[in-house]
Amino acid sequence: MPRQDALTDVAGLRVGHAQVAGKGALSGTTVVLAPEGGVVAAVDVRGGGPGTRETDALDPRNLVQRIDAVVLTGGSAYGLDAASGVMAWLEERGRGVRVGADPAQVVPVVPAACVFDLGRGGDWRARPDAATGRAAVADAARTEEGAAVAEGCVGAGTGAVAGQLKGGVGSASVLLPSGLTVGALVVVNAAGSVLDPRTGVLFGEYGGEEPAVAPPAEVHEAARRRLAQARGTDARPLLNTTLAVVATDAALTRAQAQKLAGTAHDGLARAIRPVHLMTDGDTVFALATGRRDLDAEDPVALNPLLAAGAEAVARAIVKAARAAKGVRGGDGGGTFPSYSDLYGPVA
């Protein structure tokens, strides 16, 4: 299958989404499903208001060696219930840490993190639960290996917002000269902005191989007026969180995976300003499938992966902003135009 410029370019990983159904619902869950046998995993949490589950298990000093899935979910801390549905799905298939003589006696380790999107569709109680998590992991399992990742207002990005602009899910990947692949998937739901207010250029588009082309002045001025009008319809403070999964097919130790998770936050800082605020819970998971060797004798062999992880995260944020569609939440849910609403599909 051709490369998709997505997390699924890391062979073996699958991505699934599910949305909360019903009037007033604007939330959902995204699951990254590992191949049979699991993957090495790590996490780096830098936001001031995180909502997480099972992240301590990923500390390199602790027992767990491999995981089978990562859950990214809306619904704030309530939405972490989605991980229970993923655990049940994995248990039914005998996947997890074996804790008894019977092969069916397993405890799946399913780290999870949530974004704040409560009430954005108008219904405060419309949030993911165990059934949403089960639907998302089942969606991931149905996909073909290497398939494209749905982007925009899907899964955990359904109700995501970035600085009053509609956020969502984006994914990107980098193929290194060594043949190693690094991919990222990001749920963009930031208190900060992805948009440079001076120019209308997405922050993540600065510093690429080609200079960013700013929208015409008259388009930018009209966009600023529309965004200010939308902002005036909702005076509530934005409680947010951007979540990311960065992955590679390289064989990494858990300590190396934790370093990858940490430097991937650089991609958030390039594409979202400001970032890591007290009202964010910014969290990055790192996964390593181990299908390709990394030169253990070279002390700097990890460096290209670290740089690629940050690059993939920044581009995934841009892709999320461009794929999102604007929403108008009912009953005080808020109005959130998308980048394409303001500037057109191609600025």
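The values are calculated or read from the model by the stated rules, or taken from the named source; none is laboratory data. Just so we're clear, the structure is a prediction, and the values are computed from it rather than from any experiment. A quick note on method: Cβ atoms are made from the backbone with ideal geometry, for glycine too, and the neighbour counts reach across all protein chains shown. With ligands, DNA and RNA removed, areas are computed over all heavy atoms of the protein, side chains included. Shrake-Rupley method; radii C 1.70, N 1.55, O 1.52, S 1.80 Å.
Being open to solvent by less than 10 Å² (accessible area, probe 1.4 Å) and assigned to a helix (DSSP H, G or I), is that true of even one residue in the range 50-59? Spell out how you get there, then give the answer.
Initial filter on the range 50-59 (open to solvent by less than 10 Å² (accessible area, probe 1.4 Å)): 58.
In the following step, the residues that additionally are assigned to a helix (DSSP H, G or I) were identified as 58.
Checking the range 50-59: at least one residue is open to solvent by less than 10 Å² (accessible area, probe 1.4 Å) and assigned to a helix (DSSP H, G or I).
What number of residues within the range 147-172 satisfy the criterion of being among the polar types (S, T, N, Q) and either over 25 Å from Ala307 (Cα atoms) or open to solvent by 10 Å² or more (accessible area, probe 1.4 Å) (or both)?
Residues that pass the stated criteria total 2.
Quick grid of which residues meet (1) modelled with pLDDT under 95; (2) part of a strand (DSSP E or B); (3) open to solvent by 20 Å² or more (accessible area, probe 1.4 Å); (4) closer than 17 Å to Ala136 by Cβ:
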{"site": "Gly22", "(1), (2), (3), (4)": "yes, no, yes, yes"}
{"site": "Ala42", "(1), (2), (3), (4)": "no, yes, no, no"}
{"site": "Gly48", "(1), (2), (3), (4)": "yes, no, yes, no"}
{"site": "Gln65", "(1), (2), (3), (4)": "yes, no, yes, no"}
{"site": "Gly79", "(1), (2), (3), (4)": "no, no, no, yes"}
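Among the numbered criteria (1) within 29 Å of Gly37 (Cβ to Cβ); (2) open to solvent by 10 Å² or more (accessible area, probe 1.4 Å); (3) of a type outside the set (S, T, N, Q); (4) in contact with an Asp or Glu (Cβ under 9 Å, 6 or more places away or on another chain), which one does Ala138 miss?
(4)
Please count how many residues of the range 81-127 are open to solvent by 40 Å² or more (accessible area, probe 1.4 Å) and over 29 Å from Gly49 (Cβ atoms).
Going through the range 81-127 one residue at a time, the tally reaches 11.
Please determine whether any residue of the range 303-312 is part of a helix (DSSP H, G or I), within 25 Å of Ala25 (Cβ to Cβ), in contact with a helix residue (DSSP H, G or I) (Cβ under 9 Å, 6 or more places away or on another chain) and of a type in the set (A, V, I, L, M, F, W, C).
No, the range 303-312 has no match at all.
Six or more apart or on different chains, Cβ under 6 Å: which pairs go from a residue in the range 144-155 that's within 17 Å of Ser173 (Cβ to Cβ) to one that's open to solvent by 50 Å² or more (accessible area, probe 1.4 Å) and part of a loop (DSSP other than H, G, I, E, B)? Could you list them?
Correct list of pairs: Gly146/Met1; Ala148/Gln4.
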